[in-house]
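Novice: Have a look at the structure that comes next, please.
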Amino acid sequence: MTSQPGPHRARQPRPGRRIVIVGGGTAGWMTAAALSRFCDTDWSITLVESDAIGTVGVGEATIPMIRNFNAALGIDEAEFIAATNGTYKLGIEFVGWGAPDSRYLHAFGLVGRGLGLLPFQHYWLRARAEGLAGPIGDYVLNAVACRENRFAHVERQAGSPLPPLPFAYHFDAGLYAAYLRRYAEARGVVRVEGRIDRVETQGETGHVAAVRLENGQSVAGDLFVDCSGFRGLLIAETLRTGWTDWSHWLPCDRAIAVPCEPGEPWLPYTRATAREAGWQWRIPLQNRLGNGHVFCSTHIDEDAARDVLLASLDGAPTAEPRLLRFTTGMRRQAWNRNVVAIGLSSGFLEPLESTSIHLIQTGIDRLLDYLPVSGFGAADRENFNRRAAWEMERIRDFIILHYHANGREGQPFWDALRHMAIPDTLAEKLAMFRAGGKVVRDHDELFDVPGWVQVMLGQGIEPQAWHPLADQLSREQLGQFLDTVRHAYARDVARMPDHQDYVSRLAEQGRRKLEAAA
């Protein structure tokens with residue numbers, strides 16, 4: 001598939017199969033694109049948005065599951081990289097989160113490689129205690145590639161001990177939404193321009209019946225998808241769905257975003273640098289750097305936070321700084337009556353681990369799983385909402401970990417977070433890791449063992465022991481095992497091209513494809 005697909009049959013909806021998406025941006029057009037790809041032509045899909053209403057549009061870093069979404073739509077990667085000014089992302093570097101002068105990488109992919117029944121960290125913990133181990137990042141293929149600014153498409157080879165090189169993207173979210181809009185409209189999605197003036201509901205059920213625009217036009221539907229951002233026009237303002245507030249655990253409530261001139265080289269990772277009352281992101285695109293300062297307004301005012309951001313840019317700003325206000329938490333129901341909230345309307349977790357676009361993606365997956373075929377069953381809604389809440393809560397815990405396990409002593413914001421009570425689910429994970437280096441993935445939670453291990457070690461959480469089976473290797477065998485892993489990863493990365501060169505060549509291929517298809 002290219003960005004200019006062939007003709008498609010006009011959509012002729014059957015009764016009960018009119019879907020109305022309220023709001024565009026990344027969430028709206030991702031939803032529209034996926035529905036247009038997977039729903040037959042007996043569904044109608046209408047998206048209502050207004051050019052006069054801006055979108056948040058600062059989410060530019062992703063995690064590897066975005067590749068599944070693009071692949072499901074049949075998107076050509078070279079075209080995508082060219083159309084969105086994209087670069088590759090192998091992980092996130094955290095600067096100053098453990099102690100003010102510390103840095104570590106949460107890289108995608110495996111930590112070392114398991115041996116026998118045990119994951120790698122147990123052998124590494126023993127080897128470090130015996131003076132045989134280097135930093136944990138020496139045994140993570142993606143971390144080594146980040147350090148050398150290299151990238152290649154590396155998939156797992158049969159019989160090879162080397163792991164794949166999992167990756168995500170940095171891209172311009174506004175350009176991605178525009179790309180998906182072209183995709184969706186070519187597949188029969190109808191875009192209606194206009195600002196919504198009133199929401200009409202059914203008296204008996206309370207379901208949303210239609211949205212009426214300022215020009216008097218009415219857009220009726222059977223299923224409504226609320227992609228209206230923080231406002232939550234349908235899910236919150238109309239249906240009065242409650243909100244679960246997590247600001248006592250995640251107190252940052254502001255962000256200032258600003259792009260600046262591109263840096264050299266284009267690093268294949270996001271950087272998150274801790275500041276006195278929050279943290280700063282740095283996201284490299286082909287044509288610019290995305291920057292932002294996430295902060296807590298009770299510890300620093302907006303003007304001071306803006307000054308901190310502007311004073312630490314790598315290049316001259318290319319736009320005026322933009323302020324965003326938010327509260328961390330989630331809707332008590334992501335699906336209420338005949339409205340499904342996707343994106344910021346369903347909840348917000350700050351972008352520390354780049355999960356915002358992923359949560360849009362999983363919301364769309366659930367919508368497709370539970371697509372109503374005959375009414376709106378209570379059992380479906382309850383199961384949908386339970387799954388959505390469970391996912392958000394596990395990601396919440398992982399983000400809280402970064403704040404709680406900080407080493408920035410003497411700074412009131414960080415001191416309070418270090419001493420706060422934390423969710424029981426997170427407390428259990430920390431206790432298990434401290435006691436014996438164990439991490440157990442809870443069913444299909446997003447972050448797997450390697451992510452938890454890298455962040456906990458990176459932030460100074462020290463296990464008191466390792467699994468006793470790791471003692472079965474002799475000291476010589478243990479040293480050889482770790483050396484084999486480290487040297488293999490170093491050799492593999494040395495064969496990879498420079499990340500910036502790789503992206504530049506691929507983007508040029510993509511531009512030629514887009515021009516040929518225009």
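Novice: To the nearest 20 debye, what charge dipole does the chain have about its Cα centre, counting +1 at the Cβ of each Lys and Arg and -1 at the Cβ of each Asp and Glu?
Specialist: In debye, rounded to 20, the chain gives about 900.
Novice: Roughly speaking, what is the centre-to-centre gap between segment 271-342 and segment 106-182 when only Cα atoms are used, to the nearest Å?
Specialist: Taking the Cα centre of segment 106-182 as reference, the centre of segment 271-342 is 26 Å away.
Novice: Can you list the lysines whose alpha carbon sits under 26 Å from that of LYS438, skipping same-chain ones fewer than 8 residues off?
Specialist: LYS429
Novice: Also, quick follow-up: Apply the Debye scattering formula to the chain, with a single equal point scatterer on each alpha-carbon and no solvent, then give log10 I(q)/I(0) at q = 0.06 Å⁻¹.
Specialist: -0.30
Novice: Here's a follow-up. Putting +1 on Lys and Arg Cβ atoms and -1 on Asp and Glu Cβ atoms, find which of TYR123, TRP29, ALA518 reaches farthest to the positive end of the dipole of the chain.
Specialist: It is ALA518.
Novice: Which of the peptides 450-463, 124-137 is most tightly packed, and how do the rest follow, going by the mean number of other Cβ atoms within 10 Å of each residue?
Specialist: My ranking of the peptides, most packed first, is 450-463, 124-137.
Novice: Placing unit charges on C-beta atoms (Lys and Arg positive, Asp and Glu negative, everything else neutral), compute the dipole magnitude of segment 77-160 about its Cα centre in debye, rounded to 20.
Specialist: My answer is approximately 240 debye.
Novice: Count the net charge of all other residues whose Cβ sits under 10 Å from the Cβ of ILE21, scoring Lys and Arg as +1 and Asp and Glu as -1.
Specialist: Taking every Cβ under 10 Å from that of ILE21, the sum is -1.
Novice: What's the magnitude of the charge dipole for segment 197-248 around its Cα centre, counting Lys and Arg as +1 and Asp and Glu as -1 at the beta-carbon? Answer in Debye, nearest 20.
Specialist: Using only the charged Cβ atoms, the result is roughly 80 debye.
Novice: Fewest to most neighbouring Cβ within 10 Å: what's the order for CYS252, CYS146, CYS260, CYS227?
Specialist: CYS260, CYS252, CYS146, CYS227
Novice: In segment 218-283, which trypsin sites (Lys or Arg not before Pro) fall in coil by DSSP and have 13 or fewer other Cβ atoms within 10 Å?
Specialist: Sites meeting the loop and neighbour criteria: ARG240.
Novice: Can you work out the FRET efficiency for the pair GLU185 and SER504, with r the C-beta to C-beta distance and R0 = 30 Å, to the nearest 0.05?
Specialist: Computed FRET efficiency for GLU185 and SER504: 0.50.
Novice: Please compute the modelled spin-label separation between GLU515 and ASP415, points set 7 Å along Cα→Cβ, answer in nm with one decimal.
Specialist: My value for the distance between the label points is 6.1 nm.
Novice: If I take every Cα pair under 8 Å that is 6 or more residues apart in segment 382-428, average their sequence separation and divide by the length, what percent do I get for the relative contact order?
Specialist: Dividing the mean separation by the residue count of segment 382-428 yields 34 percent.
Novice: Still on this structure, please answer the following. Please give the helix 424-436 orientation as an angle from the longest Cα principal axis of the chain, in degrees from 0 to 90, rounded to the nearest 10.
Specialist: 20
Novice: Still on this structure: Could you give the angle, 0 to 90 degrees to the nearest 10, between helix 302-311's Cα long axis and the longest principal axis of the Cα atoms of the chain?
Specialist: 60
Novice: First measure r as the distance between the Cβ atoms of GLU382 and LEU324, then evaluate 1/(1 + (r/R0)^6) with R0 = 25 Å and state the FRET efficiency to the nearest 0.05.
Specialist: The calculated FRET efficiency here is 0.20.
Novice: Counting only DSSP beta bridges with both residues in the chain, tell me the antiparallel percent, nearest 5.
Specialist: Here the antiparallel bridges make up roughly 70 percent for the chain.
Novice: Which whole-number percent is the relative contact order of the chain (Cα, under 8 Å, 6+ apart)?
Specialist: 23
Novice: Working from Cα positions, state the angle (0 to 90°, nearest 10) between the long axis of helix 449-458 and the longest principal axis of the chain.
Specialist: 60
Only the coordinates and a few stated rules stand behind these numbers; no lab work does. This structure is a prediction, so every number in the text was calculated from the model and none was measured. Note that we place each Cβ from the backbone using ideal geometry, even for glycine, and neighbour counts take in every protein chain shown.
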